Every structure is written in C-alpha cells, then in structure tokens.
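Nothing in this text is a laboratory measurement; each read-out follows from the coordinates by a stated rule. Note that the structure is predicted; figures quoted are calculated from it, not measured. Methodologically, a virtual Cβ is constructed for each residue, glycine included, from the backbone with ideal geometry; neighbour enumeration extends over all protein chains shown.
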Amino acid sequence: MFEKIQTVSKSHHQRIGRIFIQVIQKRPSREFGYIILIKFPREVLGFYTEQEGSYPGSQPTVNSQFTNLSIIAPFWYKLDDKRPGGLIDSVTAAHKRKVIQSAHEKHVRVYLVVHNLFYETLEKGKQVASKVLDKDKNRIVFIQTLRNEMK
C-alpha cells in the first residue's frame, strides 16, 4: 500500500495524504536498509439516526464526539417495495445536505446505507431485497439510483 517512508519525525507520527500514522518501531534490515512497523489508526463508524419520538437523534453525539468518529452511516434509505431498485428516503434533500456538510466540516466521512427493514413483515423485507439482487434489470436500476443519490 505504501511504497516507502523516507523520514521519521521526532514525534514518530507522520501524515500520508489524509492519514496520520504512528511509527511503532524502526528496525535495521540488511535487505531493505530499515523496516518501519506502523500502527494504523482505527476506524470508528457510527450509525446515524434521526429523532424518533422521545429518543434523540444522533446529531448531538456527532457534535460532541466527532474527534472519535471516522464515519457516520445515516439510516435514511430503505428499498422501495413498489419500484425494485428504487429507494424511499426518510428525510428531505436539504436535511441530507446539512448533515453531510456538517460531517465533512468535522472531517467525518458519510456512508450511504440502504436497508430492507420496517415493512409489514420480516419476510416482506427479505422479498424486497431479493427482487433487487436476483434480477439484472433491478440491480442496474439500483446501482443507477445510488449513483444519482451520490451526486
């Protein structure tokens, strides 16, 4: 993944692109000159929900804990049971833009999550997902729907 690290800072931390790494140990090597053992930062993904009744949404937690988060995955999209490959979103486009912009300002990435929950029965959710996954035409629609949503 990384071809070569040429220098090691005194603090033993380096930045490669947008990733900070921590150098654990630098060992001499006859073959390579030296080998650097690297500790990669952990990724922390938080599922992001909106307020539901008396349950608060995730935004206050994102605001207070963003330094501990790498990614949020908003729970906004479910598979459309009437249009295979389509999505039903639970929030407005303006709200999505606001949450995504806020996350990006905090250097938190946002993943698009699509679920097959909250239908009349568990079996119906399975059937809805199967309709998308089992037919080429529906998969193509689904992929295009995702691409359009990410624009």
For region 45-150: rounded, prolate or oblate by the Cα gyration tensor [a/c cutoff 1.5]: prolate
Rounded to the nearest 20 debye, dipole of region 56-151 from Cβ charges on Lys, Arg, Asp, Glu: 260
Exposure proxy order (Cβ contacts within 10 Å, fewest to most) of L117, L69: L117, L69
Amide H within-cut-off set for L87, under 5 Å, with H built and near neighbours excluded: D80
Built amide H within the under 5 Å cut-off of V110, gap 5+: I72
Segment N68-I100, length gained on full extension (0.36 nm per residue, minus Cα span): 9.8 nm
Considering only region 45-150, percent of DSSP beta bridges that pair antiparallel, nearest 5: 35
